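What follows is one structure encoded as structure tokens, with my remarks underneath.
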Amino acid sequence: MKKVFKTGYSKEVKKLLEEKEIWNKKGLPFSNSYVTHVFNGRNTNIDIEEAIIELYQKRLYEETRITLRRKEIFRKKT
């Protein structure tokens, strides 16, 4: 997962959680550090884990699509 995410994933995970109206127990958005802790296994939270997996699938799909498109472009002879 870390290869696909590289950096900046916690902000996108937070955005997904906010769109789904998933908040911490105080009714506030989760912090970037808490999202990172869940990703690294220090904390557990099913909602955050599902958002991480959703984002992972989106990024993996995009990365695959771009790679295939790149191969298609370079394979063509003009």
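Go through the stretch 36-66 residue by residue and tally those that are within 15 Å of Lys6 (Cα to Cα) and among the hydrophobic types (A, V, I, L, M, F, W, C).
The total comes to 5.
From the set of residues in the stretch 20-70 that are among the aliphatic types (A, V, I, L, M) and touching a residue at least 40 places away in the same chain (Cβ under 8 Å), which is surrounded by the fewest Cβ atoms within 10 Å (Cβ to Cβ)?
Per the criteria, the residue is Leu60.
A short reminder: the numbers here are calculations on the coordinates, not readings from a lab. The structure presented is a predicted model; accordingly, all values stated were derived computationally and were not measured. With ideal geometry, Cβ positions are generated from the backbone for all residues, glycine too; neighbour counts draw on all protein chains shown.
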